Structures are given as C-alpha cells and as structure tokens.
Amino acid sequence: MLIFRALPGLGDLLCAVPALRALRAGLPEAELTLLGLPQAAGFAQRFPELIDRLEVFPGFPGLPEQPVRNRELLAFLSGAQGKYELALQLHGSGPVSNALVALLGARQTAGRFLPGQWCPDPARFLPYQEGEPEPLVWLRLVEFLGYPSQGTALAFPIHEEDRAALRALPDAHALTPGSYAVVHPGASRPERRWPPRHFAQVADRLAERGLRVVLTGTPGEAELTRAVREALALPGALDLTGQTDLGTLAALLAGARVLVSGDTGVSHLAAATRTPSVVLFLASDPARWAPLDRERHRAVRGDLGRVLTEVDDLLQQEPDYAF
C-alpha cells in the first residue's frame, strides 16, 4: 500500500497517526509505504510499526509542497505501475492529489474529494468537508474502507536516548517532571505568531506560579525567543532554542506541567505526549487543528486575558506525566 501525505509540518504527520494505526491493525502483513517529503524520514523511523518505508515525493504540478523534479517524477510514476494494491490519498481535499494517486497505477485508489470535483471512485472516496478535525478526516476515511478505529489519540514514542539527550543539554539536567513549563513562541508563518511581549507576560505568570520557564524554538526562531526572554520581568528562564531535536523536544514536553504555544507542530507533539497546553489560534481554524481533547488542551483565539485564565485553570488539574 502507498500512502500519500507529503505535507511539510510535524503536526501534519502526527495527525495521520490514528489513520495509520487503524490501517496497520487491519493489514498487519501489508507493506505500508509513505510517499512524503524528505523531512518525514525522522517521523517514519520513529514509527516502524506503522510505516515500513519512505518514498520521497518528487513533486507534482499544482502541489506547492515540493518543487517538481520532472525526471524523477516520470521515473517514479513508471516504477509505480502495478506495484501497489492500494494507493491511499491522505494529502488533502483532492483536486490535484487525486490526479497524482490515479496516475500511480495501483489496483485500487481511495481518498477524499471535494463535492462537485472529480471523484475517482465513489466506492472508495469520501466527500471532503471543511471544519472536521484533521485526525478524524483521515481516520473516518480508513473506517469507511473497512478498517476499524484503534483510537483517536495522537502518539509519539519517546526513547531512553531522547531522555538522556535532554538531560545532557546545558542546565536541563535540573528539570524534573512537573517543575517547569514550556513556552514556544515560534510558528512556521508570521501571521500565526503572537507578540513576544504577550508570551513574556504568560511566562511571568508561570514563574509566579512556581514553575521554571523553558523557551523552545528552531535555530531560525532565536531572535523571536530572545525578544521574549528580554521582555521577561522575572529571571530564571531556560532558553533551549535551537538545542532540541524532535526526540528531545518530545521528552521535554512529556515532563512539562503545561505548554503555551501557537498553532504549530509543537502543539500536536504536546497532544501526542499528553502534555496540557494552551494553543493560540491567530490565522488557522481551531475546529480543524486544535487537539481533540479540549479539556487537556485549550484553544484560544489570542486574547491575553483568556490565555492567562486557561493557564491558571490547567495548573489546578492533577498532573498526568508521560515522562
């Protein structure tokens, strides 16, 4: 089976886990190939029980995620003919992605399609509806194909080497589960970023509640996290910007009392590690992208007072650490 999901974000991949889990349970002997972007390699390696191999997506006209490499695309399409029993489109609503899946020459194809647009096979394609939670969009498709749900929760395996790598980071060895909160001010697009001064105010509230604040971000977000750090009224924040890989970030989140972030991959990682979170939605739809557990994870449209209220409420709950 070939599964096409070549979206760039960590959250995009994590949201596919419930569907992949149901597929694997229903097809324990099948070889499942993920057709994805190069950065999906770490994700595929983390889930060997769900994904057998990664095929790097060579791009396709009309899909913006990867520049089209025409020679590689032609070779890939030629080599795919007759190779797969099923080509499953988990990439999007379908106007372009369904055309790619149809060109693979699989015995069967399945996916989602926009009502009024071309539907390759009404028996195996479901209409795409806006506003459905992303994990359920694809889990419902897999259920429609005859593979029962194995649960809606996201997941991310954390290994002992991840925890050891976290402890080896400067000053991180002193972090104990429940003693700290993670603040992640970055996001992939500028319109999803809350002002640094607001993150600093939330961080100060967390420090007032007795938690050490840990700032995280990619190397490219160092200026943003620096702005948050410089706006803090209370000292003592630990800045791990650019120092965490995917495994150490997951290990960090697993022991955190709470995460405060924008709608970005780290919020889905927090859902996968069962870390309570307050997620800011500034330019995306919480109905689609907010974590399914709305008690453990709070979606906020960006009001500072509401964020502080939700943080205080989460801190009153009994902690449940995955660490």
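In region 94-118, what residues are in contact (Cβ under 8 Å) with a residue 24 or more places away in the chain, part of a loop (DSSP other than H, G, I, E, B) and either of a type in the set (Asp, Glu) or in contact with a strand residue (DSSP E or B) (Cβ under 6 Å, 6 or more places away or on another chain) (or both)?
Correct list: GLY94, LEU104, ALA106.
Only one of these is crowded, with 17+ Cβ neighbours inside 10 Å and either out of contact with any helix residue (DSSP H, G or I) (no Cβ under 7 Å at 6 or more places or on another chain) or on the phi > 0 side of the Ramachandran plot (or both): ALA270, ALA237, ALA256. Name it. Show your work before the answer.
Details: ALA270 fails: either out of contact with any helix residue (DSSP H, G or I) (no Cβ under 7 Å at 6 or more places or on another chain) or on the phi > 0 side of the Ramachandran plot (or both); ALA237 fails: either out of contact with any helix residue (DSSP H, G or I) (no Cβ under 7 Å at 6 or more places or on another chain) or on the phi > 0 side of the Ramachandran plot (or both).
Exactly one residue qualifies, and that residue is ALA256.
So, of the residues in region 84-139 that are among the basic types (Lys, Arg) and under 19 Å from LEU20 (Cβ atoms), which turns out to be farthest from the chain's Cα centre (by Cα)? It would help to see each step written out before you state the result.
Step one: filter region 84-139 for residues among the basic types (Lys, Arg), giving 107, 112, 124.
Filter again for under 19 Å from LEU20 (Cβ atoms), leaving 112, 124.
Values: ARG112: 20, ARG124: 26 Å.
Taking the candidates together, the pick is ARG124.
Going residue by residue through region 13-35, is there one that turns out to be open to solvent by 40 Å² or more (accessible area, probe 1.4 Å), within 18 Å of ALA80 (Cβ to Cβ) and not in a helix (DSSP H, G or I)?
Checked against the condition, which is being open to solvent by 40 Å² or more (accessible area, probe 1.4 Å), within 18 Å of ALA80 (Cβ to Cβ) and not in a helix (DSSP H, G or I), region 13-35 yields at least one hit.
Quick one: which residue in LEU253, LEU234 is in contact with a strand residue (DSSP E or B) (Cβ under 9 Å, 6 or more places away or on another chain), in the same structural domain as THR275 (by the TED database) and either of a type in the set (S, T, N, Q) or modelled with pLDDT of 95 or more (or both)?
From the options LEU253, LEU234, the qualifying one is LEU253.
Which of the residues spanning region 166-175 are within 25 Å of the chain's Cα centre (by Cα) and open to solvent by 40 Å² or more (accessible area, probe 1.4 Å)?
ARG167, the sole residue that qualifies.
Considering only residues of region 176-208 that are touching a strand residue (DSSP E or B) at 6+ places or on another chain (Cβ under 7 Å) and in a loop (DSSP other than H, G, I, E, B), which is most open to solvent (accessible area, probe 1.4 Å)?
Ranking the qualifying residues of region 176-208, first place goes to ARG193.
State whether one or more residues within region 149-157 are aliphatic (A, V, I, L, M), surrounded by 14 or more Cβ atoms within 10 Å (Cβ to Cβ), in contact (Cβ under 8 Å) with a residue 40 or more places away in the chain and out of contact with any Pro (no Cβ under 9 Å at 6 or more places or on another chain).
Taking every residue of region 149-157 in turn, none turns out to be aliphatic (A, V, I, L, M), surrounded by 14 or more Cβ atoms within 10 Å (Cβ to Cβ), in contact (Cβ under 8 Å) with a residue 40 or more places away in the chain and out of contact with any Pro (no Cβ under 9 Å at 6 or more places or on another chain).
Residues are listed down the side, and each one gets a yes or a no for (1) within 24 Å of ASP171 (Cα to Cα); (2) part of a loop (DSSP other than H, G, I, E, B); (3) within 14 Å of the chain's Cα centre (by Cα):
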{"position": "ALA250", "(1), (2), (3)": "yes, no, yes"}
{"position": "ALA256", "(1), (2), (3)": "yes, yes, no"}
{"position": "SER267", "(1), (2), (3)": "yes, no, yes"}
{"position": "ARG288", "(1), (2), (3)": "no, no, yes"}
{"position": "ASP293", "(1), (2), (3)": "no, yes, no"}
{"position": "ASP312", "(1), (2), (3)": "no, no, no"}
{"position": "PRO319", "(1), (2), (3)": "yes, yes, no"}
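Enumerate the pairs (first residue in region 206-233 and of a type in the set (Gly, Ala, Ser); second residue anywhere and surrounded by 15 or more Cβ atoms within 10 Å (Cβ to Cβ) and assigned to a strand (DSSP E or B)) with beta-carbon separation below 8 Å, excluding pairs fewer than 6 apart on the same chain, so at least 6 apart or on different chains.
Filtered contacts from region 206-233: ALA207/VAL213; GLY217/HIS184.
The values are calculated or read from the model by the stated rules, or taken from the named source; none is laboratory data. Everything numeric here is computed off the predicted structure, so don't read it as measured data. Heads up, the Cβs are rebuilt from the backbone with ideal geometry, glycines too, and the neighbour counts pull from every protein chain shown. The accessibility values were calculated without ligands, DNA or RNA, using every heavy atom of the protein model including side chains. Shrake-Rupley method; radii C 1.70, N 1.55, O 1.52, S 1.80 Å.
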